[in-house]
Amino acid sequence: MSASQQGPDPKIVRRLGNGRVKNIIIVLSGKGGVGKSSVAAQLALSISETGMPPSATSSSTSTALPKVGILDVDLTGPSIPRMLGLDGQQILQSSDGWVPVYADREQRLAVMSVGFLLKSRNESVVWRGPKKNAMIKQFLGDVRWGELDYLIIDTPPGTSDEHISLLEYLRPFSPTAVLVTTPQAVSLADNLRSLDFTRKVGLPLVGLIENMSGYVCPHCEECTNVWGRGGGEALAAREGLKFLGRIPIDPGLVRVLDDAKEEAIKRAKEGAPARGDDGKETDQRPARQASVAAMEVDVDVTQPLPPTPAPTSAAAPADEETRAILAQTTTPAGTMLSRTLLQRYRDSKTFPVFAKIAAQVLQGVAEHSRRIAEEGDSGVGMRRE
Ligand SMILES: Nc1ncnc2c1ncn2[C@@H]1O[C@H](COP(=O)(O)OP(=O)(O)OP(=O)(O)O)[C@@H](O)[C@H]1O
Ligand SMILES: [Mg+2]
């Protein structure tokens, strides 16, 4: 029996329901390597750094910066920890489930990925379908996300077990999706398949982003359309999707996202002072060992997943216990990594380009929420053929 036939999973409802997680955005593409993870990472950074545009903040007049979660369900190729400079960080366990890794001291950007459970970045895991399903269920039902304005979900390419599990579990929470393509014909064709999938399962799309669209030479400013340009926009127009914008190829972005941790370590070694999220210098003592046991998840396919503790209360915000755990483990070095990454991302050519795309995404998400509220629609229809 599928998750959708069984009704909402109570553990997941407890974590994501009752307005605790307000908006869920799934990043999809039919093709690998087109920039799903970098779009998901940029969306998380952009929203948590610049806040919500006024059009996305319905009736609220709050100027507080939003709380964002990013969940990486690319189980065989997790790249979010590396892109956010969080490689090597560990998931910790509280009496009420797993504590996500926070990229910042204010705990506004929570991150969860199978990458945190692997012993090394190069370790590979072989997953069978039921294992994938169980892992995704744990990520949704056992992680203490707390209150989030946006949960962004990075997915593997195509439409596989991960997508089906995800959509079945998220059905009651009305998720939306963003499609990412590059301009090449092969990517466009693969994305037609993803589009067909979203239609079959009734997953509403906010729109489509064309990534790696042209390359502007830093010397002569001439734009070369390496893989063509405009194919994504044409596909969006033909299929009645909103075109959210195009991101050019930016070698600077690759350095920001692919070398986030190395760059910060290099800076530290060169003697540049580490800075906390308040911009003040911090000392660089080695990380203290957490007094709670780090979650040692054995992802060997022959082993069952470890049990998670029974819930202790109905509420799951980042409470005193979470704060106490994080106080022991959020190190000055970790803070420095995220600070360095944010500064470098803000300095990149892509930041202003993506900020406009992020605003469009949030506007689309806000429209979707309003529609759901008006129609009383539960979102994903899960039509199956
Ligand atoms: N606009 C861009 N300009 C330059 N490089 C980019 C751009 N977007 C993404 N990249 C780079 O392309 C590579 C692939 O991107 P990314 O990992 O985000 O793709 P993906 O679709 O998530 O891949 P996978 O299918 O393997 O999960 C990364 O090295 C990333 O830094
Ligand atoms: Mg990826």
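Can you tell me which residue in region 151-184 is nearest to residue 239 (Cα to Cα), limited to those that are more than 12 Å from ligand 1 (Cβ to nearest atom) and free of Cβ contacts under 8 Å to residues at least 40 places away in the same chain?
Filtering first and then ranking leaves 164.
Residue by residue through region 23-51, note down the ones that are away from ligand 2 (no atom under 16 Å from the Cβ) and modelled with pLDDT of 95 or more.
Once the filter is applied, which keeps residues that are away from ligand 2 (no atom under 16 Å from the Cβ) and modelled with pLDDT of 95 or more, region 23-51 yields 23, 24.
Within region 61-103, which residues are free of Cβ contacts under 8 Å to residues at least 60 places away in the same chain and away from ligand 2 (no atom under 15 Å from the Cβ)?
61, 62, 63, 64, 65, 100, 101
Could we say that residue 86 is more than 30 Å from residue 186 (Cα to Cα) and within 16 Å of ligand 1 (Cβ to nearest atom) here? Before the answer, list the steps.
Numbers: more than 30 Å from residue 186 (Cα to Cα): yes; within 16 Å of ligand 1 (Cβ to nearest atom): yes.
Here the answer is yes, as residue 86 does meet what is asked.
Mind checking whether some residue in region 143-150 is away from ligand 1 (no atom under 16 Å from the Cβ), free of Cβ contacts under 8 Å to residues at least 40 places away in the same chain and buried (at least 21 other Cβ atoms within 10 Å of the Cβ)? Step through it out loud before you land on a result.
Filtering region 143-150 for residues away from ligand 1 (no atom under 16 Å from the Cβ) gives 143-150.
Pick out the ones that are also free of Cβ contacts under 8 Å to residues at least 40 places away in the same chain and you get none.
Scanning region 143-150, I find no residue that is away from ligand 1 (no atom under 16 Å from the Cβ), free of Cβ contacts under 8 Å to residues at least 40 places away in the same chain and buried (at least 21 other Cβ atoms within 10 Å of the Cβ), so the answer is no.
Output yes when any residue across region 181-202 is crowded, with 24+ Cβ neighbours inside 10 Å and within 21 Å of residue 22 (Cα to Cα), and no when none is.
no
Could you list, in sequence order, the residues of region 205-240 that are surrounded by fewer than 20 Cβ atoms within 10 Å (Cβ to Cβ), modelled with pLDDT of 85 or more and out of contact with any Lys or Arg (no Cβ under 8 Å at 6 or more places or on another chain)?
234, 237, 238, 239, 240
May I ask you to verify whether residue 177 is modelled with pLDDT under 85 and surrounded by 21 or more Cβ atoms within 10 Å (Cβ to Cβ)?
no
Output the number of residues of region 132-160 satisfying the condition of being under 22 Å from residue 30 (Cβ atoms) and away from ligand 2 (no atom under 16 Å from the Cβ).
1
Can you tell me which of (1) over 26 Å from residue 162 (Cα atoms); (2) surrounded by fewer than 14 Cβ atoms within 10 Å (Cβ to Cβ); (3) modelled with pLDDT of 80 or more is the one residue 253 doesn't meet?
(2)
Within region 180-195, which residues are in a helix (DSSP H, G or I) and either among the acidic types (Asp, Glu) or within 16 Å of ligand 2 (Cβ to nearest atom) (or both)?
Scanning region 180-195 gives 187, 190, 191, 194.
The values are calculated or read from the model by the stated rules, or taken from the named source; none is laboratory data. Treat the numbers as computed from the prediction; the structure is a model and nothing was measured. Every residue, glycine among them, receives a Cβ derived from its backbone with ideal geometry; neighbour counts consider all protein chains shown.
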